[in-house]
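The values are calculated or read from the model by the stated rules, or taken from the named source; none is laboratory data. The structure displayed is predicted, hence computed values, not measured ones. All Cβ positions, glycine included, derive from the backbone under ideal geometry; neighbour counts span all protein chains shown. The area values use the complete protein model at the heavy-atom level, side chains included, leaving out ligands, DNA and RNA. Shrake-Rupley method; radii C 1.70, N 1.55, O 1.52, S 1.80 Å.
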Amino acid sequence: MVEFLDNFIAHLGLLGLLVFGVAAALEYVVPPFPGDTITLLGGVYAVRGDHPWPLVFGVVVAGSVLGALINYQVGHWLGGRFERRPGEAFFGITHARLESVQAQMRHKGPWLLLVNRFLPGIRGLIFVAAGAAHMPRVNALLLGALSAVAHTALVLALGVAVGGNLERLEFLVGRYQRGVILGVALVVLVLGLRTLFRRQPRTG
């Protein structure tokens with residue numbers, strides 16, 4: 001897949017920069033989209049001299065903020081819908097569940113937004129929750145932008161490290177994705193066990 005993406009973006013010339021931005025945005029709206037892989041290619045192109053890395057960096061960060069904004073607006077609309085119809089469930093979500101998410105976002109939201117870019121699969125949902133909780137839009141996007149800057153710098157650095165070696169790049173992408181998935185799975189497991197033990201009745 002990496003080789004296909006490399007050939008596709010290379011044939012676009014400067015328009016390939018748009019691919020980086022769109023990919024970063026789609027990662028939020030369509031979580032399975034391989035945006036990190038495309039961003040890694042940006043680092044490779046920087047080494048080759050195909051695209052200046054500051055442009056790739058700026059486009060990826062801007063795309064990430066755009067994707068975050070889209071999801072924030074979806075969450076804001078969702079929260080408004082429940083406020084207008086508090087007695088109705090929507091896509092299996094009850095008003096009570098929404099209030100629970102809102103309370104959690106008010107407590108942990110800033111930290112989640114600050115690390116969201118490093119959480120593939122759920123990063124988009126964090127901004128949906130932020131919108132539903134009516135967190136200030138500017139604050140949410142600012143924290144999201146800081147997270148995107150840190151993540152994009154790391155990913156581009158990995159791309160630069162492998163230079164033009166696409167096989168090495170594909171290997172790193174695979175390890176990165178597996179590592180993140182394992183990390184997220186462990187966090188979910190720990191939180192699930194913590195919730196389970198809390199619900200068990202105390203004896204004695």
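Does Ala103 count as among the aliphatic types (A, V, I, L, M), open to solvent by 60 Å² or more (accessible area, probe 1.4 Å) and either outside any loop (DSSP other than H, G, I, E, B) or modelled with pLDDT of 85 or more (or both)?
No, not satisfied.
Condition test on Leu114, is it in contact with a Gly (Cβ under 9 Å, 6 or more places away or on another chain), surrounded by fewer than 23 Cβ atoms within 10 Å (Cβ to Cβ) and at pLDDT below 85?
In short, no.
For (1) among the hydrophobic types (A, V, I, L, M, F, W, C); (2) surrounded by 16 or more Cβ atoms within 10 Å (Cβ to Cβ); (3) more than 24 Å from Ala24 (Cβ to Cβ); (4) at pLDDT 75 or above, each residue gets a yes or a no:
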site	(1), (2), (3), (4)
Val155	yes, yes, no, yes
Gly159	no, yes, no, no
Gly164	no, no, no, no
Arg168	no, no, no, no
Arg175	no, no, no, no
Arg178	no, no, no, no
Gly183	no, no, no, no
Val188	yes, no, yes, no
Gly192	no, no, yes, no
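Going by the structure shown, is Leu142 open to solvent by 10 Å² or more (accessible area, probe 1.4 Å) and at pLDDT 90 or above?
Numbers: open to solvent by 10 Å² or more (accessible area, probe 1.4 Å): yes; at pLDDT 90 or above: yes.
Spelling it out, Leu142 is indeed open to solvent by 10 Å² or more (accessible area, probe 1.4 Å) and at pLDDT 90 or above.
Taking Gly16, is it modelled with pLDDT under 80 and not in a helix (DSSP H, G or I)?
The answer is no for Gly16.
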